[in-house]
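Q: Sending over a structure as structure tokens; questions will come in a sec.
The values are calculated or read from the model by the stated rules, or taken from the named source; none is laboratory data. Just so it is clear, the model here is predicted, and its values are computed rather than measured. Heads up, the Cβs are rebuilt from the backbone with ideal geometry, glycines too, and the neighbour counts pull from every protein chain shown. Protein only, heavy atoms only, side chains kept; ligands, DNA and RNA dropped before computing areas. Shrake-Rupley method; radii C 1.70, N 1.55, O 1.52, S 1.80 Å.
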Amino acid sequence: MTLSSLLRAAPTVDLAAIDSRSTPGFAGDKAAGEAALAALAAPLADVQERLFAEGVSGGRRSVLVVLQGMDTSGKDGTIRKVVGMVDPQGVRIFSFKRPTSEELAHDFLWRIRRRLPEPGLIGVFNRSHYEDVLIVRVHDLVPREAWERRYDAINAFEAELAEAGTTVIKVFLHISATDQEERLAARLEERAKHWKWDSADLDERRYWSAYQEAYEAVLTRCNPDSAPWYVVPAGRKWYRNWAVATLLHETLTAMGPTWPDPGLDVPALRARLQDEKPG
């Protein structure tokens, strides 16, 4: 069984029933997990380079990785540890913050469309269009009928991406309230992590149950085969990193990008290389 099939969100998701510190598909400990992640670096970089070469040579395919999760779930860490293993020229990373006045003047998908990966690239969204059915829902930023319509709009948008050649990998980094408390406390204990501190994270903890309900709705209502959600237990950082790297590798491998054939006359070029001398 692939990890993709193991972590695929169920038709109906109950986050409380998923142990955030479990390690589905991996039986080893932290040391083994870190070794397994390191072992993925070369094959992941290879298949990513094939996709990049395909795009440069006229291919139309790309990959979009959507990372969602509660504060401290590890979106930034995942990008550093996983996406950092591949050639940076083939990756585009974008972090969606509070919408600007210009963005608010458009449809909620307008700013998303502007950041989609070009052919051959892996795009990574740190938060995404799903904020418009998450924080917007939890804090009543728009009327219920407005955010209710967005589930269908998101499904249509992602179907459009799939049709155009973009493979969408949506990852929910699942942590518990206890995991979050421990990570916020760690930020206070380490001077090097103080820059990460945001008291708004404490304010948002009051809405934990509402966010869990909102995420369950997203994972259930926006989970088609063409753009599936994967629920990655993220209470153990080493497992989170290995799992996301494995999901990305499995997806790229299934896409099967191959080296383009430019039609070179290799023997002739080799002979010319030997004959041509520096001037």
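Q: Out of the residues in the range 47-63 that are open to solvent by 60 Å² or more (accessible area, probe 1.4 Å) and not hydroxyl-bearing (Ser, Thr, Tyr), which is nearest to residue 162 (Cα to Cα)?
A: Among them, the one singled out is 61.
Q: May I pose another question? What is the residue count in the range 227-277 for residues that are part of a loop (DSSP other than H, G, I, E, B), under 30 Å from residue 74 (Cα atoms) and open to solvent by less than 90 Å² (accessible area, probe 1.4 Å)?
A: 6
Q: A further question on this structure: For the range 66-108, which residues satisfy the criterion of being polar (S, T, N, Q), part of a helix (DSSP H, G or I) and open to solvent by less than 20 Å² (accessible area, probe 1.4 Å)? Don't jump to the end; show me each part of the working.
A: Of the range 66-108, the ones polar (S, T, N, Q) are 68, 72-73, 78, 89, 95, 100-101.
Those still in the list that are part of a helix (DSSP H, G or I) too: 78, 89, 101.
Once the filter is applied, which keeps residues that are polar (S, T, N, Q), part of a helix (DSSP H, G or I) and open to solvent by less than 20 Å² (accessible area, probe 1.4 Å), the range 66-108 yields only 78.
Q: Take residue 209 and tell me if it is within 23 Å of residue 132 (Cβ to Cβ), open to solvent by 10 Å² or more (accessible area, probe 1.4 Å), among the small types (Gly, Ala, Ser) and in a loop (DSSP other than H, G, I, E, B).
A: Judged against the criteria, residue 209 is not a match.
Q: Within the set of pairs 6 or more residues apart or between chains, which connect a residue that is closer than 20 Å to residue 178 by Cβ inside the range 73-90 to a residue that is among the small types (Gly, Ala, Ser) with Cβ atoms less than 7 Å apart?
A: As it stands, the answer is 73/234; 74/234; 75/69, since those pairs meet every condition given.
Q: Since residue 201 meets every condition but one in (1) crowded, with 20+ Cβ neighbours inside 10 Å; (2) touching an Asp or Glu at 6+ places or on another chain (Cβ under 8 Å); (3) part of a helix (DSSP H, G or I), which condition does it not meet?
A: Only one criterion is unmet by residue 201, namely (1).
Q: Now, a different point. Looking only at residues that are of a type in the set (D, E, K, R) and surrounded by 15 or more Cβ atoms within 10 Å (Cβ to Cβ) in the range 152-193, which one is farthest from residue 131 (Cα to Cα)?
A: 187
Q: Can you tell me which residue in the range 1-46 is surrounded by the fewest Cβ atoms within 10 Å (Cβ to Cβ), limited to those that are hydroxyl-bearing (Ser, Thr, Tyr) and touching a strand residue (DSSP E or B) at 6+ places or on another chain (Cβ under 6 Å)?
A: 22
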